[in-house]
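Reading through the structure tokens given below for one structure.
The values are calculated or read from the model by the stated rules, or taken from the named source; none is laboratory data. Keep in mind the model is a prediction, meaning the values are calculated, not measured. Every residue, glycine as well, gets a Cβ built from its backbone with ideal geometry; the counts of neighbours run over all protein chains shown.
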Amino acid sequence: MVIAIKIIQLLLSLSILVILHELGHFIAARSFKTRVEKFYLFFDPWFSLFKFKKGDTEYGIGWLPLGGYVKIAGMIDESLDTEQMKQPPQPWELRSKPAWQRLIVMLGGILVNLFLAVAIFAVMLAAWGERYLPADEAKYGVSVDSLGRTMGLQNGDIVLTVDRKPVDGFNDITEAILVDNASSVQVLRDGQPVDVLIPKGFVRKLIKANRADFLSPRFPFVIDEVMSSSAAQAAGMQKNDRIIGVNDSVRLFFSEIRADFRKYANQTVKLKVLRGADTVDLKVAVSGNATIGVKFKDLGAFFKMKEKKYNLLTAIPAGVVKAWDVLALNVKSFKLVFTQEKGYEALGGFITIGKIFPGTWDWASFWSLTAMLSIVLAIMNLLPIPGLDGGHVMFLLYEMIFRRKPSDKFMEYAQVAGMIFVLGLLLFVNAQDIIRLFR
């Protein structure tokens, strides 16, 4: 069920983004009286799942869920319709339009993706506001996995600064280490300041592990809800119980207890539980998924979260700022592919994208991730690669600067080469996903 929910969210999110991206091209083309022959969600080689024609445009849904497209009359695109280009230019064709109009048509999808991200962030901020854990509120310190320990961090370290600069939100710590090329982290360990130097090659290890949660805030494991017909209910667990021990070992924090549950999957464990002023011993069966059937209290129960409220007017500029921050973060992350040794290991395909969606349906997470993916889609399409919008933009800028068009034959060869590269890249990143699954 968890995998199905992730797949549904992924398909819905990508469908929204693809339709609106292509709609950007469509509206721009039609506004300049350019004919759009096809508007498709997903690709339709050989056949389509559904189609109908209205006016000059055929609308449809293809069977290959790798994107979508609009076929604009008078341009060499992924359809490679060279026969049309051999005919004399017609007034309704894109090639008959001024270069500045063709440039707007090519940028239409990218601009819609950016505007969509701003709109989603603005609406979310107006509806729910902004809430995050300040770095200086993580009073129990950090929890680190084996990867974090290789960096030199320890459970319970309280992060003070990164490269001797304060960070605002707790999540900014990981961002500074991963994308800002930080060289050290200053922590408080057992009451003493310690300078943790980030080892050379650590970012590459992070990329290879495809794991940004090597560091997280420590917090107690306190029960918020006991699920009906669960092992926890059968054992007599109650709301507000705090787990403080597993099998005679003291365990005060969520991360430690979760690690024990994984260790004792499909076994019965003895839990020491703090209930009010009393300590209670309970025996609970741990499932194969390392769960006992409870919901735990979130960070807001233990830390003073930072909250900002917005109305519709203040949410719009805040949405622009948030979209810009996400754009800048993705550009920095993209640079890792070229600046880090074997940075290509950071790339991922549909499985990687699907994993970022939660296993339960959460509209706030869905729309937030959709806005982020919208920005990623805009960045990827702006790359100056023939076959992508950025490739067409590159050739249009060449034409506007040098006052001459590349030949149709050159554009045809460039389009073919670009499509081969893009399809090869698509196969590569999805193959990496499959290899990671087996790894």
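Evaluate the following for residue 80: is it surrounded by fewer than 17 Cβ atoms within 10 Å (Cβ to Cβ), more than 28 Å from residue 405 (Cα to Cα), modelled with pLDDT under 85 and in the same structural domain as residue 110 (by TED's automatic domain parsing)? No: the conditions fail for residue 80.
Look at residue 150 and say whether it is among the hydroxyl-bearing types (Ser, Thr, Tyr), touching a residue at least 12 places away in the same chain (Cβ under 8 Å) and closer than 30 Å to residue 430 by Cα. Talk me through it step by step, then tell me what you get.
Numbers: among the hydroxyl-bearing types (Ser, Thr, Tyr): yes; touching a residue at least 12 places away in the same chain (Cβ under 8 Å): yes; closer than 30 Å to residue 430 by Cα: yes.
Criteria met by residue 150.
Among the strands (runs of 3 or more DSSP E) contained in the stretch 91-166, which hold 1 or more residues that are under 30 Å from residue 260 (Cα atoms) and over 27 Å from the mean Cα position of the chain (by Cα)?
Numbers: elements: 130-132, 142-144, 158-162.
Ranges flagged: 158-162.
Taking the numbered list (1) touching a Gly at 6+ places or on another chain (Cβ under 9 Å); (2) modelled with pLDDT of 90 or more; (3) within 27 Å of residue 253 (Cα to Cα); (4) not acidic (Asp, Glu) in turn, residue 301 passes all entries but (1). When each of 241, 224, 180, 168 is tested for being crowded, with 18+ Cβ neighbours inside 10 Å, in contact (Cβ under 8 Å) with a residue 12 or more places away in the chain, among the charged types (D, E, K, R) and under 29 Å from residue 307 (Cα atoms), the lone residue that passes is 241.
Restrict the check to the stretch 309-319 and report whether at least one residue is under 29 Å from residue 145 (Cα atoms) and at pLDDT below 95. Taking every residue of the stretch 309-319 in turn, none turns out to be under 29 Å from residue 145 (Cα atoms) and at pLDDT below 95. As for the stretch 329-343, it holds no residue that is at pLDDT 90 or above, buried (at least 16 other Cβ atoms within 10 Å of the Cβ) and out of contact with any His (no Cβ under 6 Å at 6 or more places or on another chain).
May I ask you to verify whether residue 388 is touching a residue at least 24 places away in the same chain (Cβ under 8 Å) and within 19 Å of residue 75 (Cα to Cα)?
On the way: touching a residue at least 24 places away in the same chain (Cβ under 8 Å): yes; within 19 Å of residue 75 (Cα to Cα): yes.
Taking the combined requirement at face value, the residue satisfies it.
Quick grid of which residues meet (1) modelled with pLDDT of 90 or more; (2) among the charged types (D, E, K, R):
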{"site": "171", "(1), (2)": "no, no"}
{"site": "194", "(1), (2)": "yes, no"}
{"site": "197", "(1), (2)": "yes, no"}
{"site": "236", "(1), (2)": "yes, no"}
{"site": "241", "(1), (2)": "yes, yes"}
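For residue 257, the stated conditions do not hold, so it cannot be described as part of a loop (DSSP other than H, G, I, E, B), under 32 Å from the mean Cα position of the chain (by Cα) and within 14 Å of residue 223 (Cα to Cα).
Does the stretch 99-120 contain any residue that is among the β-branched types (Val, Ile, Thr), at pLDDT below 90 and either buried (at least 18 other Cβ atoms within 10 Å of the Cβ) or within 26 Å of residue 375 (Cα to Cα) (or both)? Checking the stretch 99-120: not a single residue is among the β-branched types (Val, Ile, Thr), at pLDDT below 90 and either buried (at least 18 other Cβ atoms within 10 Å of the Cβ) or within 26 Å of residue 375 (Cα to Cα) (or both).
Given the criteria assigned to a helix (DSSP H, G or I) and at pLDDT 85 or above, does residue 371 qualify? Give the derivation first.
Values: assigned to a helix (DSSP H, G or I): yes; at pLDDT 85 or above: yes.
Judged against the criteria, residue 371 is a match.
Only one entry of 318, 301, 290 meets the criterion of being closer than 13 Å to residue 121 by Cα, among the hydrophobic types (A, V, I, L, M, F, W, C) and not assigned by TED's automatic domain parsing to the domain that holds residue 376, and that entry is 318. Considering only residues in the stretch 205-232 that are part of a loop (DSSP other than H, G, I, E, B), modelled with pLDDT of 90 or more and closer than 23 Å to residue 159 by Cα, the one that is farthest from the chain's Cα centre (by Cα) turns out to be 220. Picking from residues in the stretch 281-300 that are touching a helix residue (DSSP H, G or I) at 6+ places or on another chain (Cβ under 9 Å) and assigned to a strand (DSSP E or B), the one that is farthest from residue 238 (Cα to Cα) is 285.
Each row is one residue, and each column tells you yes or no for (1) surrounded by 14 or more Cβ atoms within 10 Å (Cβ to Cβ); (2) touching a residue at least 12 places away in the same chain (Cβ under 8 Å); (3) assigned by TED's automatic domain parsing to the domain that holds residue 289; (4) within 16 Å of residue 109 (Cα to Cα).
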residue: 28; (1), (2), (3), (4): yes, yes, no, yes
residue: 37; (1), (2), (3), (4): yes, yes, no, no
residue: 40; (1), (2), (3), (4): yes, yes, no, yes
residue: 46; (1), (2), (3), (4): no, no, no, no
residue: 50; (1), (2), (3), (4): no, no, no, no
residue: 59; (1), (2), (3), (4): yes, yes, no, no
residue: 63; (1), (2), (3), (4): no, yes, no, no
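Can you find a residue that is of a type in the set (A, V, I, L, M) and within 29 Å of the chain's Cα centre (by Cα) anywhere in the stretch 32-43? Looking through the stretch 32-43, at least one residue is of a type in the set (A, V, I, L, M) and within 29 Å of the chain's Cα centre (by Cα).
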